[in-house]
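To keep things clear, I will list the structure first and then write my remarks on it.
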């Protein structure tokens, strides 16, 4: 049985991570063989807060930014987007991240200035065709937190080995009942 983590949350409210839900279901009723993330290609992207923006000294269309991506140090990032502004959250790909399409982010000099990552547009993340500017975020999240946890764009599939004596677990509603029984919640049918 393949079950959607987000769909289960629509049936019964809970605040467990997919890993915690896997452990709960495995301990109570059925072995969860695997967790498959549908947006695994964005696992390296984090939330970055631009702290400072100034013109690039060797370019008319580039900006030098200081980005807080968690970890306590500000990173120097060269950005070509005209919509970059201070005190704004953006998706940030740090050095070593691999974006959809296979683009690997490396520390490099751009017109004489070091760039330690990339502020991303929706197109670079595979989330749309907008590439005119970087994707400003309106979420409440700490710099350095995972982009996929802050944005409701990913889902996780739970691959469940249902035993023959538990046919009630062969549907999302049946799994939701089991989760509700374990957590003290109540099941509601989503609209």
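Taken together, the values in this text are just the output of simple stated rules run on the coordinates, not laboratory data. All values derive from a computational prediction rather than experimental measurement. Please note: Cβ atoms are built from the backbone with ideal geometry, for glycine as well, and neighbour counts cover all protein chains shown.
Selection over the stretch 38-58 of residues that are in contact with a strand residue (DSSP E or B) (Cβ under 8 Å, 6 or more places away or on another chain) and either over 27 Å from residue 142 (Cβ atoms) or in a loop (DSSP other than H, G, I, E, B) (or both) gives a count of 8.
Taken over the stretch 72-94, residues that are touching a strand residue (DSSP E or B) at 6+ places or on another chain (Cβ under 9 Å), closer than 19 Å to residue 142 by Cα and in a loop (DSSP other than H, G, I, E, B) amount to 4.
Give the number of residues within the stretch 156-165 that are in contact (Cβ under 8 Å) with a residue 60 or more places away in the chain, loosely packed, with under 14 Cβ neighbours inside 10 Å and assigned to a loop (DSSP other than H, G, I, E, B). Walk me through how you get there before you give the answer.
Here is the first cut: in the stretch 156-165, the ones in contact (Cβ under 8 Å) with a residue 60 or more places away in the chain are 156-163.
Still in the running and loosely packed, with under 14 Cβ neighbours inside 10 Å: 161, 163.
Imposing the further condition that a residue be assigned to a loop (DSSP other than H, G, I, E, B) reduces the set to 163.
Total meeting the criteria: 1.
Return the only residue of 25, 64, 35, 8 being touching a residue at least 40 places away in the same chain (Cβ under 8 Å), outside any loop (DSSP other than H, G, I, E, B) and within 17 Å of the chain's Cα centre (by Cα). So the residue among 25, 64, 35, 8 that is touching a residue at least 40 places away in the same chain (Cβ under 8 Å), outside any loop (DSSP other than H, G, I, E, B) and within 17 Å of the chain's Cα centre (by Cα) is 35.
Here is a yes/no grid of residues against (1) buried (at least 17 other Cβ atoms within 10 Å of the Cβ); (2) without any contact (Cβ under 8 Å) to a residue 24 or more places away in the chain; (3) more than 21 Å from residue 41 (Cα to Cα); (4) within 19 Å of the chain's Cα centre (by Cα):
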| residue | (1), (2), (3), (4) |
| --- | --- |
| 89 | yes, no, no, yes |
| 96 | no, no, no, yes |
| 102 | no, yes, no, yes |
| 107 | no, yes, no, no |
| 110 | no, no, yes, no |
| 116 | yes, no, no, no |
| 127 | yes, no, no, yes |
| 130 | no, yes, no, yes |
| 137 | yes, no, no, yes |
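For the residues 153, 179, the requirement of being part of a helix (DSSP H, G or I), out of contact with any strand residue (DSSP E or B) (no Cβ under 9 Å at 6 or more places or on another chain) and either exposed (fewer than 13 other Cβ atoms within 10 Å of the Cβ) or in contact (Cβ under 8 Å) with a residue 40 or more places away in the chain (or both) singles out 179.
The rows are residues; the columns are (1) exposed (fewer than 15 other Cβ atoms within 10 Å of the Cβ); (2) closer than 30 Å to residue 191 by Cα.
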residue	(1), (2)
18	no, yes
21	no, yes
33	yes, yes
36	yes, yes
43	yes, no
57	yes, no
70	no, no
86	yes, no
